[in-house]
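To keep things clear, I will list the structure first and then write my remarks on it.
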Amino acid sequence: MDISDYWQLVRRNLALLLILPALATVVGFMMADKKDRLYRSTASILLRPNDPTERQGSGGSGTEIVFGERIVRASAQMVTGPAIRQRAAASIPNASLGEVAGATSVSSSSDSNVLYVSATTRSPDRSAEIANGVAAAFIEDRRLASVKGLESAMADIDEKIAGIQTELVQLSRLPDDSATEVLRTTGNAQFQRLSDRRLGLSIDKELKRGEAEMIATAEVPGAPISPKPLRSAALAGMLGLMAAGAIVLLKDRLDTRLRTREEAEGVSGLSTLAEIPFDKQAHKGTLIVASQTDPDGVVAEALRSLRVSLRFLALDQPLKLILVTSAVPGDGKSTISVNLAHSYAAAGMRTLLVSGDLRRPRVDRIVSVDNDAGLVELLTEMTATQETSRLMSRTTAGAASARGHRVSPDVEAFCHHETENLWILPAGQRVANPVEVLGSAVAKDFFAQCRDDFDAVIIDSPPLLAVADAVVLSQFVDGVIVVASLRKTHRDALARSVEVLANGQGRILGLALNRVGQDGGNGYGYGYSYGSPVAAKQRWFRLPLAGKRRGSNDSGRSRQ
């Protein structure tokens, strides 16, 4: 598919591509607007040591604290731990452990030792209160952990000082000599050094603030973070558009109906004789006889082009008997048969329209003629009276020569003729074996007689894939027109119907594409456009053929 194909696909499914995203947008907005408002407040904590020379441990030995990503991740896990939550719940008025746990979340910065403690609730004040409470609880917990290490170091020093004091008391009881003096001097020096160390640790304990510091307190948020109806509506609209696009593409892949003339010609291997524009009135079931109701419209011009195409095909071989059929019902073959017959008659040619569909005769309904007698009765009478049939064949030529090629009286008796140059032969009564009737020798003789009596004979037949009637009739005609309806006929049905005709040795003249979309105006450039006021006044109506028909029951014709 190229860009033009996608554009046509969009045009065909424009309603779906507009309605589904719009509906999704409205639903997304309404659903988001009904949700509870949530407010989030965030406090920032900086992780660092109290001073660059801080040490932990006993006896003056320790390991310097180095902060990195691992320390930040560990601290984040501590914030969400049960100890911090319990301490925060105890410090926040009317707060439960479950409320604090459900509202708190922690994140960290990738390039700094900063923790972000957030609280999300339905109240902006409560969110700020919980965030500050959890941050303060974490800082206090870290301070107490650091003080605990200093207290442990001070207790270790106190134990050593007590031991030195005991040794000094024992040395004071010994006689004064040089050895005792050296021991006393050494003991006093150790005592002084440990006392100074203890004093330093005591000062550090008083100044200890822990390994975390609040750098930004949580403030009361002014707007909720959720829901955001406009954003939700936009997202729902995008999802709706994506879903509509997926549906359109899937529908296009699964839809095997014909879309363009090129596609129909490629599937069937036939050329297009004419393109009949789509008409809303015909689509609703109203008959169109374009040559009478709108002779300057695009439908009438399309039918004239079909007749002209057939005339060019008749340069090599005369085309008097033309069979019109389609792959499946509903393609418009009967309507095209009626209009094509009218086009021939309007051109001054003596034309016979035969309703060859003996199962569901559509032509009879279109032209509003009585179906009490027609093709079936005519063939039955010809079969029962072979001598009359032979006499009819001899009389037809003589009468035609004497009366200027008028129609044989026997055929005329079964036809309706209230339009100049146009005779209509209805299907007649239903029969149980239409294929045998249409394929009989009498039917062959009848169509041979019609070839002599008329300038053009248009035969409407049942669909090809439904029954074999059209294949049987194709043996008696000069050519077959296959009607295909865009956006209705399936590709495999058209291909199969052409194959059926080819197997039956029928001569296929080409395609008549029905329901071709109009891009606006008269595509042929003549007369009035299809949507013009003049054309609007000449709307389609039923062909005025109801009523009398030449040769009724009182004409002296006997039926058997």
Using modelled backbone amide H atoms (1.01 Å from N, in-plane), which distant-in-sequence or interchain residues come within less than 5 Å of SER271's amide H? LEU511
Under the Karplus relation with 6.51, -1.76 and 1.60 and θ = phi - 60°, whole-Hz ³J(HN,Hα) for the stretch 495-506, x at Gly and Pro, equal 4, 5, 5, 5, 5, 5, 5, 5, 5, x, 6, x
Give the peptides 463-476, 2-15 in descending order of average Cβ contacts within 10 Å, highest first. 463-476, 2-15
Once amide H atoms are built 1.01 Å from N in the peptide plane, which residues 5 or more positions from VAL289, or in another chain, come under 5 Å H to H? PHE541
Can you list the aspartates and glutamates whose alpha carbon is less than 15 Å from that of LYS488, not counting same-chain residues fewer than 8 positions off? ASP252, ASP255, GLU263, GLU275, ASP279, ASP331
Could you pull out every residue, at least 5 positions away or on a different chain, whose amide H is within less than 5 Å of the one on ALA212? Hs are placed 1.01 Å off N in the peptide plane, and Pro or chain starts have none. ARG48
Pop out the ³J(HN,Hα) list for the stretch 165-171 in order, Karplus 6.51 cos²θ - 1.76 cosθ + 1.60 with θ = phi - 60°, rounded to Hz; leave Gly and Pro as x. 4, 4, 5, 5, 5, 5, 5
Residue-wise HN-Hα coupling along the stretch 450-467, computed from phi with Karplus coefficients 6.51, -1.76, 1.60 (Hz; x: Gly, Pro): 5, 5, 7, 8, 10, 7, 8, 10, 9, 10, 8, 10, x, x, 5, 7, 8, 9
Check the straight Cα-Cα distances from LYS320 and name the aspartates and glutamates below 17 Å, setting aside those fewer than 8 residues away within the same chain. ASP445, ASP452, ASP453, ASP455, ASP460, ASP478
Based on the mean of other Cβ atoms within 10 Å per residue, sort peptides 331-343, 146-158 so the most packed one is first. 331-343, 146-158
Output the peptides 503-511, 18-26, 410-418 sorted from most to least packed, where packing is the average of other Cβ atoms within 10 Å over each peptide's residues. 410-418, 503-511, 18-26
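None of the figures in this text is laboratory data; all of them are computed from the coordinates on show. All figures in this text were calculated on a predicted structure; none of them were measured in a lab. Because the Cβ atoms are built from the backbone with ideal geometry, glycine has one as well, and the counts that use them run over all protein chains shown.
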